[in-house]
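Below is one structure, written out as structure tokens, with a few remarks after it.
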Amino acid sequence: MEIIYKENAILKMSPNNRPIKKVNPGTEVVFETYDCFSNQIKREDQPFSSVGWDKINPATGPLFIEGAEPGDILKVEIIDIKIDSKGVMTTAPKHGVLGDIVTGETTKVIPIQEGKAIFNDKIHIPIKPMIGVIGTAPAREEIPTGTPGAHGGNMDCKKIIKGSCLYLPVNVPGALLSMGDLHAVMADGEIVICGLEIPGEVTVKVDVIKGESLPLPMLVSEDRLITIASAETLDEAAKQATVNMHQFLVEQLGLPIDEAGMLLSLVGDLRICQVVDPLMTARMELPQWILDQYDYQVK
Ligand code: CA
Ligand code: CA
């Protein structure tokens, strides 16, 4: 098994990053990941601001996939997500939806026991581990790992879970895949600026798809096909995620333009991924059974 250790942490997704490892398509690779604080917060007396910005949102990588060329699609199957036995959360004034309301920098260490996050005596939350940051290198610019975009990045989409399959653009030779920022559990919105932040390791299988055009990033998760988009405002992100799914219905399933819109208005769920990162992220979810009716399978 190929492993990339967490010490290979980057803070920017960039065409200039040196690949840590090169693999052929079809290979399974384990990415060991720090939590979003570079594992710096261990106790509840350590506030958010004790972690320098140079330690926030590291991603492990990048991985070079042989044969991946600009214009191809990188297929990333999430085979498994293993997480540590405890995670942390923080609040920070002026950050997040409740930035004007939270009383200060509060840190909470939350143990995981028997598949549940022990929030307090009464509330034990079933975990659903997910990947917050996962992306490829942009073509020319360098994008901080804390920012989402067309390349993926800090999308904080709670549907990127074990068993899901993520499709990302290949912008540079080798794609340069990296990931981090696991959450034991997170709700849509991530409103207080974090999920249950936790170190862990992700096993993925990478493949290269050539000669296909899909609106990316795209995700197949549980019984849904999902388009994900990020923009400066939630309105713009919501529109782009919708336009991307509409494009898919027209181009891949051959639906007429107006009918594709009607269909999305009936069965396409428009949802929020997160509203706390430098760009906002939304997603449009299409039920799998629609694809089944057309015998369509994403490669
Ligand atoms: Ca995140
Ligand atoms: Ca996070």
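The values are calculated or read from the model by the stated rules, or taken from the named source; none is laboratory data. None of these values were measured; they are calculated from a predicted model. A quick note on method: Cβ atoms are made from the backbone with ideal geometry, for glycine too, and the neighbour counts reach across all protein chains shown. When the accessible area is computed, the model is the full protein with side chains, heavy atoms only, and any ligands, DNA or RNA have been set aside. Shrake-Rupley method; radii C 1.70, N 1.55, O 1.52, S 1.80 Å.
Being more than 15 Å from ligand 1 (Cβ to nearest atom) and modelled with pLDDT under 95 is a condition met by at least one residue of the range 51-68.
Within the range 221-237, can one find any residue that is touching a strand residue (DSSP E or B) at 6+ places or on another chain (Cβ under 6 Å), of a type in the set (G, A, S) and open to solvent by 20 Å² or more (accessible area, probe 1.4 Å)? Among the residues of the range 221-237, at least one is touching a strand residue (DSSP E or B) at 6+ places or on another chain (Cβ under 6 Å), of a type in the set (G, A, S) and open to solvent by 20 Å² or more (accessible area, probe 1.4 Å), which makes the answer yes. The lone criterion from (1) open to solvent by 40 Å² or more (accessible area, probe 1.4 Å); (2) in contact with a Pro (Cβ under 8 Å, 6 or more places away or on another chain) left unmet by K210 is number (2). When we screen A68, A117 for residues that are outside any strand (DSSP E or B) and surrounded by 14 or more Cβ atoms within 10 Å (Cβ to Cβ), the only hit is A68. A single entry from V51, V88, V133 fulfils the requirement of being over 20 Å from the mean Cα position of the chain (by Cα), of a type in the set (V, I, T), surrounded by 16 or more Cβ atoms within 10 Å (Cβ to Cβ) and under 17 Å from K6 (Cβ atoms): V51.
Restricting K122, K158 to those that are buried (at least 22 other Cβ atoms within 10 Å of the Cβ), of a type in the set (K, R) and at pLDDT 95 or above reduces the list to K158. Going by the structure shown, is I160 within 16 Å of ligand 2 (Cβ to nearest atom) and within 17 Å of E285 (Cβ to Cβ)? Yes, satisfied. If the condition is being more than 11 Å from ligand 2 (Cβ to nearest atom), crowded, with 21+ Cβ neighbours inside 10 Å and assigned to a loop (DSSP other than H, G, I, E, B), then the range 173-198 contributes G174, A175, L176, V185.
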